[in-house]
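Input: a single structure, listed below in structure tokens.
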Amino acid sequence: MFTIICSILVIQIVYVSCFTLRMILTLKGEKYTASAISMLEILIYVIGLNIVLKYVNQPACLIVYAIGYGLGVLAGSWIEEKLALGYVTVKVITDELHRYMAAYLRKEGFGVTSWVGWGRDGERMVLEVLARRKNEKFLYDCILAIDHKAFIVTVEPRKLHGSFWLNATRK
């Protein structure tokens, strides 16, 4: 019975991890990769469901099935986070009106567009920065090293078009 319970747990974690990755990739527009993962996902699902249905009268199997589902969501989210697919756009608003931050971020390899804006307390430097998602933490560290009070908003663009920087970093 221990082997059956372990099999259910592993199969469920793998299945739900695939499911989670497929959903995230679908939302990011990666339809072909998501489609390939879905084929693996359904095979694993049928195998796992077959095992669980054979032992449906065993409460331990059902509990492990549910636990595996929860762990699969965590594992799939963790895998996607480590893959860090795509890009982020970070808007930075800072009191620092000098252009040092924009130049520094460009030197670090980020695409930066900057302009002067006006806030409640006067002029502010506004920067819009494009970065690969896997470089997001490094970008935050760079910004906060220059201005620890900077206002930072991150959005994840769904589609990107143009830009010399984007074309250069797709490779």
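The values are calculated or read from the model by the stated rules, or taken from the named source; none is laboratory data. Computed from a predicted structure; not experimentally measured. Neighbour counts are summed over all protein chains in view; Cβ atoms, including those assigned to glycine, are modelled from backbone coordinates with ideal geometry. These area figures cover heavy atoms from the full protein model, side chains too; ligands, DNA and RNA do not enter into them. Shrake-Rupley method; radii C 1.70, N 1.55, O 1.52, S 1.80 Å.
Taking all protein chains as present, what is the carbon and sulfur share of the accessible area of segment 32-93, in % to the nearest whole number, probe 1.4 Å?
Solvent-exposed carbon and sulfur of segment 32-93 make up 73 percent of the total.
Return the sequence-ordered ³J(HN,Hα) values of segment 113-130 in whole Hz as given by the Karplus equation 6.51 cos²θ - 1.76 cosθ + 1.60 applied to θ = phi - 60°, using x for Gly and Pro.
10, 9, 7, 8, x, 10, x, 4, 9, x, 5, 9, 8, 10, 10, 10, 10, 9
What is the distance in Å between the Cα centroid of segment 71-117 and that of segment 1-58?
Going from one Cα centre to the other spans 33 Å.
May I ask for log10 I(q)/I(0) of segment 69-135 at q = 0.13, 0.15, 0.24 Å⁻¹, from a Debye sum over the Cα atoms as equal point scatterers with solvent left out?
-0.51, -0.60, -0.96
With the contact rule set at Cα under 8 Å and sequence spacing of 6 or more, what percent relative contact order holds for segment 42-151? Intermediate values should be presented prior to the final figure.
Numbers: 113 pairs, mean separation 29.5, N = 110.
Result for segment 42-151 is 27 percent.
If each DSSP helix of 4+ residues adds -39,500 (n - 2.57) and the sum is divided by the residues in the chain, what number results at 222 nm, nearest 500 deg cm²/dmol?
Value at 222 nm, helices only: -19500 deg cm²/dmol.
Could you calculate the FRET efficiency of Y69 with L144 from 1/(1 + (r/R0)^6), where r is the beta carbon distance between them and R0 is 35 Å, rounded to 0.05? List each step's numbers first, then the result.
Values: r = 38 Å, r/R0 = 1.07.
The calculated FRET efficiency here is 0.40.
Out of [x] 1.29; [y] 0.99; [z] 1.19, which label holds the value of Rg/Rh (Cα atoms, Kirkwood Rh) that was computed here?
Checked against the structure: label [z].
For C6 and S77, what does the FRET efficiency come to when R0 = 25 Å and r is the distance between their Cβ atoms, rounded to the nearest 0.05? Kindly include the intermediate steps, with their values, before the conclusion.
Details: r = 23 Å, r/R0 = 0.91.
The computed FRET efficiency comes out at 0.65.
Based on the mean of other Cβ atoms within 10 Å per residue, sort peptides 126-132, 22-28 so the most packed one is first.
126-132, 22-28
Going toward the positive end of the dipole of the chain, with +1 on Lys and Arg Cβ and -1 on Asp and Glu Cβ, which of V153, I93, I51 do you reach last?
Of V153, I93, I51, it is I51.
Defining a contact as two alpha carbons under 8 Å apart and six or more residues distant in sequence, what relative contact order in percent does segment 1-68 show?
47
Using the Kyte-Doolittle scale, find the helices of the chain whose mean hydropathy is at least 1.6 and whose Cα atoms extend 27 Å or more along the helix's long axis, counting only whole DSSP H runs.
Helices meeting the criterion: 2-27.
For the chain, with only Lys/Arg (+1) and Asp/Glu (-1) charged at the beta-carbon, what is the dipole magnitude about the Cα centre, in debye rounded to 20?
Values: 20 positive and 14 negative charges, 95 e Å.
Here the size comes out at about 460 debye.
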